[in-house]
Amino acid sequence: MAQNQLQFDFSSRNALITGGAQGIGFEIAKRFLQSGAKVIIADYSAEALAAAEAELKTFPNAKFARLDVTDRASCQALAESLKEPLHILVNNAGITRDKSFAKMNDGDFDQVIQTNLTGIYNVTKAVFAKFDPAQPKRIINMASVVALYGNFGQTNYAAAKAGVVGMTKTWAKEFGRKGFTCNAIAPGFIRTKMTEAMPKEVLEQLTAKVPVARMGETSDIANACMYLASDAASYVNGTVLSVDGGVVL
Ligand SMILES: NC(=O)c1ccc[n+]([C@@H]2O[C@H](COP(=O)([O-])OP(=O)(O)OC[C@H]3O[C@@H](n4cnc5c(N)ncnc54)[C@H](O)[C@@H]3O)[C@@H](O)[C@H]2O)c1
């Protein structure tokens, strides 16, 4: 394993990762599997799920499920299919529909809020009773640096991610006594299909603003996620962990 990867033993842990079939979620799923966890990779893209399944075929503890986080019946069906108690939920599924406020239509706004914010509520609500009452529990929500600082062209996305931060802090307060910690990660610009869709010049301009002079990798976010899910982070609750190379300083 590479030197820059934290190592934890999650062999008695069951994790559910939404949007886990590609990008950041896939890397998180892979790292949990390598650390011994049983992982359910839930995603709405059948194509991405098939590719993930092929790539993870050496991990018998990987399970794959179709899930649309915007559809409460789909979230409920997933919850009902869970055979074992849950310990770790990573609410990672997310989309972008970037446009300046003037050009953004109602559909772009609603879709991003429904996926990136309401989707986290839907999944957590559906699986909440499935968490193991006897063991430490972790909820990790994927926010974004733009939740904290805003971003041109992302009215919908920044609003959704800022909502994720508020929801995370509320759950940290409400669920703490029940054996949960609930934290958010705020990634900066991470190399995935989401950012590959951006024009090359924009990416170069953005990278030039990052003090550590590079885009983030999915492994940077997976490391943060592993830490927050581990026993080493049992006193970290309600935080938003920025993993962004210092881009907003
Ligand atoms: N890449 C970045 O630079 C960056 C920065 C900040 C935050 N994030 C956040 O990290 C998370 C992962 O982003 P990524 O870059 O890996 O994106 P990605 O597009 O590569 O992967 C997102 C995954 O979510 C799935 N998904 C989308 N809508 C869904 C739905 N309704 N139900 C179930 N699954 C759904 C997709 O099929 C896909 O597999 C997102 O929440 C994103 O907002 C990414």
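Bear in mind that the values in this text are calculations on the coordinates, not laboratory data. Since the structure is predicted, the reported quantities are computational estimates derived from the model, not experimental observations. Here the Cβ positions follow ideal geometry from the backbone for every residue, glycine too, while neighbour counts run over all protein chains shown.
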Query raised in the report: For the chain, what is the mean residue ellipticity at 222 nm derived from helices alone (per DSSP H run of n ≥ 4: -39500 (n - 2.57); sum divided by total residues; nearest 500 deg cm²/dmol)?
Result: -12000 deg cm²/dmol
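When N counts the residues of segment 104-155, how does its alpha-carbon radius of gyration compare numerically with 2.2 N^0.38 Å, as a ratio?
Normalised Rg, Cα atoms only: 1.50.
First obtain the Kirkwood hydrodynamic radius of segment 94-236 from its Cα pairs, then insert it into the Stokes-Einstein equation at 4 °C and 1.567 mPa s, and state the resulting D in µm² per second as a whole number.
Taking Rh from Cα pairs, D becomes 79 µm²/s.
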Query raised in the report: Rg and Dmax of segment 45-148, using alpha carbons, in Å: what are they?
Result: 15.8, 51
**Report entry** Cα long-axis angle, helix 72-81 against the chain (0 to 90 degrees, to the nearest 10)
**Finding:** 30
Query raised in the report: Where the only charges are on Cβ atoms (+1 Lys, Arg; -1 Asp, Glu), what is the dipole of the chain about its Cα centre, to the nearest 20 debye?
Result: 520
Query raised in the report: What does the highest-first list of 71-79, 191-199 look like by mean Cβ count within 10 Å?
Result: 71-79, 191-199
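Net charge within 14 Å of Val248 by Cβ-Cβ distance, Lys/Arg positive one each and Asp/Glu negative one each, not counting Val248 itself?
With Lys, Arg at +1 and Asp, Glu at -1, the neighbours total +1.
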Query raised in the report: Taking the radius of gyration and the Kirkwood hydrodynamic radius from Cα positions alone, what is the Rg/Rh ratio for segment 1-101, to two decimal places?
Result: 1.00
Report task. Specify the inter-centroid distance of segment 113-185 and segment 33-100, based on alpha-carbon positions, in whole Å. Result -> 16
Query raised in the report: If we count every other residue with Cβ under 13 angstrom of Ile17's Cβ, Lys/Arg +1 and Asp/Glu -1, where does the sum land?
Result: +4
Query raised in the report: Could you give the Stokes-Einstein D for segment 176-247 in µm² per second, using the C-alpha Kirkwood radius, 25 °C, 0.890 mPa s?
Result: 181
Query raised in the report: GNM, the chain, Cα, under 10 Å: largest mean-square fluctuation among Ala213, Ala222, Ala37?
Result: Ala213
Requested in this report: Among the listed pairs Lys173/Lys193; Lys38/Lys99; Lys103/Lys200, give every one whose C-alpha distance is greater than 28 Å.
Outcome: Lys173/Lys193; Lys38/Lys99
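Summing Lys, Arg as +1 and Asp, Glu as -1, what charge do residues with Cβ under 12 Å from the Cβ of Met167 carry, Met167 excluded?
+3
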Report summary line: A correct Stokes-Einstein calculation for the chain, using the alpha-carbon Kirkwood radius, 4 °C and 1.567 mPa s, returns a whole-number D in µm² s⁻¹ of 71
Query raised in the report: For the chain, modelled as a GNM with alpha-carbon contacts under 10 angstrom, which of Ser11, Ser230, Ser81 fluctuates the most?
Result: Ser81
Query raised in the report: Can you give the angle from 0 to 90° between the axis of helix 155-175 and the longest principal axis of the chain, with both taken from C-alpha atoms, to the nearest 10?
Result: 30
